[in-house]
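The values are calculated or read from the model by the stated rules, or taken from the named source; none is laboratory data. On a predicted model such as this, the values are computed, not experimentally measured, just so you know. Because the Cβ atoms are built from the backbone with ideal geometry, glycine has one as well, and the counts that use them run over all protein chains shown.
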Amino acid sequence: MELLVFVLAAAIVLTGAVGVIISANAVHSALCLVATLFGIAVLFVAEDAHFLAAVQVIVYAGAIVVLFLFVIMLLGVDRTEDLDTEPLGGQRPLAAAAGAGLLGLALVTLFITHRDFDTIALGTKSSVGKLSGPASDNVRKLGQALFTDYLFAFEITSVLLVIAVVAAVVLARRAATAPVDDDEARLEVSQ
Amino acid sequence: MALALELARPTPTWYLLLGALLFTIGAVGLMVRRNPLVMFMCIELMLNAVNLTFVTFAKALDDIGGQAIVFFVLVVAAAEVVVGLGIIVALMRRRPGATADDISTLKG
């Protein structure tokens, strides 16, 4: 059963991720991203992270993807791109090589260490609290960790969010006199 | 080999493998795509891969700290998306249909 859940969720995650990078239309990419995020949420549940699974669906699949779609529609870039032409020669082979190198590095690390989990779990003391216990305790435990050991970090994140809101307002504000791009204006004059 | 023997139920290794694959797909997408919005989605993919890894380690090491970190990553990701999309909107207003190549003119 657990294996079935994992395999299905992993298939959804990987299919969605590949869909994000091969879709020619940005709207399709955003919808594939939703599939990936839901798959991740399922995996979170399978790993006893019930609160994070709920937050994942609400914040990521809800707010962030809707924000993406909103911007896509606002800017009117929901057109199909031409993915066949490659403006920069050799970019894709190089990217594939770099990706293979990255994956190889991760896999080597994984296979060197994957036998050590049991010994690590036995040898280290839990820093802020244990995860194991009844599933209904997940929210209480996470809240306790956030509001005791990580209280300072938690307060900093609230400052970060305020800064982000102010930054978004400043960036998206239209100036009183709509500025014209200097380069293009000069180009038009010279032609 | 070692993985095949543990087919009965998914071990942490399986989740870490999935996280590595997801991170790689996101990284390759970031290097290949030129639409700034799609590049941004690829960054989200990479962040999610890391979140999955954190949750896996929280479970494997029986430590709630891994999940607390994921909470903070979510907050930072939300802030990052807000600022990033603000920049993209400001950019696209000046130059409709700009790609990552056009943004290189910002370096002066």
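Quick look at the numbers
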{"read-out": "Helices (runs of 4 or more DSSP H) lying entirely in segment A:1-87 (those with 1 or more residues that are more than 10 Å from every other protein chain (Cβ to nearest Cβ), under 18 Å from B:W14 (Cα atoms) and touching a helix residue (DSSP H, G or I) at 6+ places or on another chain (Cβ under 6 Å))", "value": "A:2-22, A:26-46"}
{"read-out": "Residue within segment B:33-56 that is in a helix (DSSP H, G or I), touching a residue at least 24 places away in the same chain (Cβ under 8 Å), touching a Pro at 6+ places or on another chain (Cβ under 9 Å) and surrounded by 20 or more Cβ atoms within 10 Å (Cβ to Cβ) present", "value": "yes"}
{"read-out": "So A:F51, is it touching a residue at least 60 places away in the same chain (Cβ under 8 Å), closer than 19 Å to B:V76 by Cα and out of contact with any His (no Cβ under 9 Å at 6 or more places or on another chain)", "value": "yes"}
{"read-out": "Candidate set from segment B:1-46 (those that are hydroxyl-bearing (S, T, Y) and either in contact with a His (Cβ under 6 Å, 6 or more places away or on another chain) or closer than 14 Å to A:V13 by Cβ (or both)); member that is modelled with the highest pLDDT", "value": "B:T24"}
{"read-out": "Residue in segment B:33-42 that is at the interface with another protein chain (Cβ under 7 Å from one of its Cβ atoms) and farther than 30 Å from B:S104 by Cβ present", "value": "no"}
{"read-out": "Residue match in segment A:56-79 (condition: of a type in the set (G, A, S) and in contact (Cβ under 8 Å) with a residue 40 or more places away in the chain)", "value": "no"}
{"read-out": "Residue tally, condition touching a residue at least 40 places away in the same chain (Cβ under 8 Å), part of a helix (DSSP H, G or I) and more than 7 Å from every other protein chain (Cβ to nearest Cβ), over segment B:65-99", "value": "2"}
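Residues are listed down the side, and each one gets a yes or a no for (1) within 15 Å of the chain's Cα centre (by Cα); (2) hydroxyl-bearing (S, T, Y):
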site	(1), (2)
B:T13	no, yes
B:G26	yes, no
B:C42	yes, no
B:N48	yes, no
B:T53	yes, yes
B:D62	no, no
